[in-house]
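Here, each number is a calculation from the coordinates, and none is a lab measurement. Model, not experiment: these values are computed from the prediction. So basically every Cβ, Gly included, is an ideal-geometry build from the backbone, and we count neighbours across all protein chains shown.
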């Protein structure tokens, strides 16, 4: 399953960069570069805005024996969304915006939790 996920990620990157090159031909390099730069700056801004004290909170809760799975999913998805915005390409930007939208992120988190709980059952 991990191999399939890696192959799917490589395919997404290939399609995304191919689409970016095709759009660059039609609209011009400066417009595409400006748009990609804006999305990258937004990704860095969201990444910087994230409260890194949450990691210390999670560590303290974990040492107390409290479950922190939901918070870890939330933090991981936000970081993934920021990285998608920073990466060049239209599809990765769209994926990053979708992940950073709270309602969409909640749905993704719920689906991933269900999927991993099914995998965890013997």
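Using 0.36 nm per residue of separation minus the Cα-Cα distance, give me the extension gain between residue 31 and residue 117 in nm, one decimal. Could you put the intermediate results ahead of the total?
Details: separation 86, 0.36 × 86 = 30.96 nm, distance 4.43 nm.
So the extension gain works out to 26.5 nm.
I'm spelling it out carefully: the read-out is Rg and Dmax of the Cα atoms in Å, the candidates are [x] 15.3, 49; [y] 17.3, 57; [z] 16.8, 63, and one was derived from this structure. Which label? Among [x] 15.3, 49; [y] 17.3, 57; [z] 16.8, 63, the one derived from this structure is [y]. The long axis of helix 53-64 is offset from the longest Cα principal axis of the chain by roughly 30 degrees. Counting only alpha carbon atoms, the long axis of helix 2-27 and the longest principal axis of the chain meet at about 30°. Compared with the direct C-alpha span, the chain from residue 91 to residue 47 gains 13.9 nm at full extension, assuming 0.36 nm per residue. In terms of surrounding Cβ atoms within a 10 Å radius of their Cβ, 31, 108, 99 rank from fewest to most as 31, 108, 99. Return the FRET efficiency for the residue pair residue 64, residue 38: r is the Cβ-Cβ distance, R0 is 41 Å, and the value is rounded to the nearest 0.05. Once rounded, the FRET efficiency stands at 0.45. Angle of helix 69-86 to the longest C-alpha principal axis of the chain, folded into 0 to 90 degrees and rounded to 10: 10°.
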